Each structure stands twice: as C-alpha cells, then as structure tokens.
Amino acid sequence: MSAMEGPAARGGIDLGGTKIQAVVVDEDNTVLGDARRPTPTKGGPPDVAEAMAGALRDAAAAAGLEPAALTGIGAGSPGQVDRSAGTVAHAKNLPGWDGTFPLAAALEEACGAPVVLANDVQVATDAEFHLGAGREYTSLVGVFWGTGVGGGLVLGDQPWHGRGAAGEIGHMVVHLGGRRCPCGRRGCVEAYAGRSALETEARKRHEKGEKTRLFKLMEDRGRTRLTSGIWARALGHEDPLASDLIDGAVAALGAGIASVVNLLDVESIVLGGGMGVRFGEPYAERIRAAMQPHLFNDDRPPLLRVAELGDLGGAIGAALLVSHAARAAA
Ligand SMILES: [Zn+2]
C-alpha cells in the first residue's frame, strides 16, 4: 500500500450500539482503509473512546497512513451531540454514558488530528443523500433499522434537524398502549422492530416455553447478543419465533414509514442500519408491501431503496463532516 501525499485523506468513525466502524477516505470519498471493533459493553466513555481511536488507527494502518497525517476525523455518535463543545451526553446503549463526555478532545488526544462530532443518524442520512441511494433526490427519509430504529430527514435539499432532535421515526407510535419500548414509552416502532427490543421479546417468550433456535445459534457463534446475522440465520431455518417477531417488525416499520410519507410526501426512503442492510432488498420489498395499506395517496408510493453505502455508510458520512467543517471555516 502506498502512502498518500498531501492533505487529502480524512478519517471517519461510526459509533454504533454493537460495533465501531472506522474508515480512511481520499478526497473523492474512496475508502483507502477500513476497520471495525466491537463496542465495549463494560466500562465507561473513556473505554469507548479508546476503542474508537483503536479502530481509526487500524483503518489508517490499512491505508498506509499515520492517524496524525489525516486532515481531520469525523465521528458519528448516538446520544445528544454538542458539535461546538465536542461533547456527547446521554448515549443510551453505551456503557456508563449517563452524563456528558468530551469525546472530541479524547479522540484528538488519542489520534493527533482534529475531530468533528455529529449525531450518528444524521451523519448516515447525509452520506446516503450525498453519495448513496438518495443522491438523485431532493427529499428523503433515512430509516436506520439496527439496535434501535433511527431516522434522518432531508427536505428541499437541506437536512432537517428540527430543534435538534428531529427524525425519531423509531418512536412514532404504531400501537396505542402497545409493547414497552426501550425508551420507556409504549407502542413505538422501535418496540417492535429494534434489534434490542426484539431480543428482549424473544428472551421473554423463550423463557415462557416458546421454541426457538435463536439462543442456540447465538451460543454456537460465541455471541452474547442476537446480532442481525443470527436473526438472518434463524429466519433461514424458518424458526417460528424469529419469523413471528420479524413479521411484527416489518409491519411496524411499514406503518411508521407510511405515516411519515403521509406527513412529508418525500421522494425517497433509504433503508439502512445493521438489520436493514443485512436483510436487504427482500425485506425492503416486504416493507414496501407493509406500507401500502397505510399510504393515504396509495397510487404513488415513494421509492424505498436499501442504503448503498452499506455497513460503511455511517463511517464514510462521518468523514464527510471534515470536508463540511473545512468548507464552513473557509
Ligand atoms: Zn420509544
């Protein structure tokens, strides 16, 4: 691998509930190196920051670069991100992250390059809008079906953040008084479709005696969580509990996405996230069918496409933060 000359290479880190994905890209956003690490399940924010820096160092090594040679590093994080302060607060799904942590400073210290932070879902939506499945459109909704269900909006070529917290499609209510959501409320899309909520429900029903191979598959593969790969395997075996729960997830996503379309009439929906990307087009087709009965204007559904940047989308989007920041500073 050849070392790059000049200031073109940028880093991107996507901090997810299950894994940390890092990339190093050139000025055309071509991936020069990538690496991933599991998200720590114990410890606290400094441990997560160290794992993020480790993934970035590995990606830089794969690109034949030192992290300090990067123009900058963008990082997408869950939780409340204060971009100007470089802090992340209340990142649920991450260990011990109840308070506010100076993530940008910790990463700068560990990597030796400037760091820009943004919300992970906004970053992934931005990436698909600029470089991926949404690049031909001026309005889209990004639906990130993973540990939770996140959403990002682009309206009239501009990202829509509301007062900072827009796009929570996972917490649209699809069943009044329905299943308990990880957010503590009831009947949200995420209560039926989020990987974490699906695991809780599967465990509960398995303990009550329902037969399933889900947990056997998890143990055989040395996992401690039901990953999207394990769900896909169980569905491949036509596991009845897995099939029933995923049917419920598809129904909830269809109702939730159709409701967003009824409100905003966007041109396209981009389906991403660990589950969305793993299940791909066959499940995109099922979600289109599940949307249809809930669409008010049912003769012209928007296009629903699987995220094109796949698993690397969040990290590539994070690297875009650096070029955006450079443009804003120029
Ligand atoms: Zn909720």
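The values are calculated or read from the model by the stated rules, or taken from the named source; none is laboratory data. The structure presented is a predicted model; accordingly, all values stated were derived computationally and were not measured. Virtual Cβ from ideal backbone geometry, glycine too; neighbours counted across all protein chains shown. Please note that ligands, DNA and RNA were not included when accessible areas were found on the heavy atoms of the full protein model with its side chains. Shrake-Rupley method; radii C 1.70, N 1.55, O 1.52, S 1.80 Å.
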Could you pull the Cα extents of segment 128-208 along its three principal axes, largest to smallest, in whole Å? 49, 24, 18
Over all distinct alpha-carbon pairs, what is the Kirkwood Rh of segment 177-223 in angstrom? 11.5 Å
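Explain nothing, just the number: relative contact order of the chain, from Cα pairs under 8 Å at least 6 residues apart, as a whole percent.
Working: 728 pairs, mean separation 63.4, N = 330.
Value for the chain: 19 percent.
Grab the DSSP H runs of the chain that are 4 residues or longer, score each as -39,500 (n - 2.57), total them, divide by all residues and round the 222 nm result to the nearest 500 deg cm²/dmol. Walk me through the intermediate numbers first.
On the way: 10 runs with 134 residues, N = 330.
Result for the chain, helices only: -13000 deg cm²/dmol.
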Report the convex hull volume per residue for the chain, counting only C-alpha atoms, in Å³. 138 Å³
Residue by residue through segment 269-282, what is 3J(HN,Hα) from phi via Karplus (6.51 cos²θ - 1.76 cosθ + 1.60, θ = phi - 60°)? Round to whole Hz and write x for glycine and proline. 10, 10, 9, x, x, x, 6, x, 6, 5, 7, x, 4, x
How much length, in nm to one decimal, is gained on full extension between ASP298 and ASN262, taken as 0.36 nm per residue of separation minus their Cα-Cα distance? 12.0 nm
Which value, in Å² and to the nearest 10, is the accessible area of MET218 when all protein chains are kept and the probe is 1.4 Å? 20 Å²
What list of ³J(HN,Hα) values in whole Hz, one per residue of segment 184-201 in order, does the Karplus curve 6.51 cos²θ - 1.76 cosθ + 1.60 (θ = phi - 60°) give from phi, with Gly and Pro shown as x? x, 8, 10, x, 5, 3, 5, 4, 9, 10, x, 4, 5, 5, 4, 5, 4, 5
What translational diffusion coefficient, in µm²/s and rounded to a whole number, does the Stokes-Einstein relation yield for segment 16-122 at 20 °C and a viscosity of 1.002 mPa s, taking the hydrodynamic radius as the Kirkwood radius over Cα pairs? 156 µm²/s
Using a 1.4 angstrom probe and counting only protein chains, how large is the accessible area of ASP157 in Å², to 10? 80 Å²
Rounded, prolate or oblate: which one fits segment 223-330, using the alpha carbon gyration tensor with axes a ≥ b ≥ c (rounded when a/c is under 1.5, else prolate when a/b beats b/c, else oblate)? oblate
Name the longest site-free stretch of the chain, where the excluded sites are GluC sites (Glu not before Pro) in a DSSP loop with no more than 11 other beta-carbon atoms within 10 Å. 6-135
Report the FRET efficiency, 1/(1 + (r/R0)^6), for ASP98 and ALA165, where r is their Cβ-Cβ distance and R0 is 22 Å, rounded to 0.05. 0.75
Could you derive backbone 3J(HN,Hα) for segment 71-81 from the dihedral phi with the Karplus parameters 6.51, -1.76 and 1.60 (θ = phi - 60°), listing whole Hz in sequence and x where the residue is Gly or Pro? 4, x, 10, x, 9, x, 10, x, x, 8, 9
Report the residue, chosen from THR224, THR147, THR30, that carries the largest GNM mean-square fluctuation when the chain is represented by alpha-carbon nodes joined by springs under 10 Å. THR224
Once GLU109 and ARG221 are pulled to full extension, the length gained, defined as 0.36 nm per residue separation minus their Cα-Cα distance, is 36.7 nm
As a test question: what accessible area, to the nearest 10 Å², does PHE129 have when a 1.4 Å probe is rolled over all protein chains in place? 20 Å²
So between GLN80 and HIS175, what do we pick up on full extension, going 0.36 nm a residue minus the alpha carbon distance? 31.5 nm
Go ahead and run the numbers for FRET between CYS183 and ASP247, Cβ-Cβ distance against an R0 of 22 Å, rounding to 0.05. 0.45
Residue among LEU198, LEU253, LEU155 with the largest mean-square fluctuation in a Gaussian network model of the chain, springs linking Cα atoms under 10 Å: LEU155
Ignoring ligands, DNA and RNA, what percent of the accessible area of the chain is carbon or sulfur (1.4 Å)? 51 percent
Computed over the chain, protein heavy atoms only, probe 1.4 angstrom, the accessible area per residue in square angstrom equals 45 Å²
Among all the aspartates and glutamates, which ones have a C-alpha under 14 Å from LYS42's C-alpha, if same-chain residues fewer than 8 places away are not counted? GLU50, ASP98
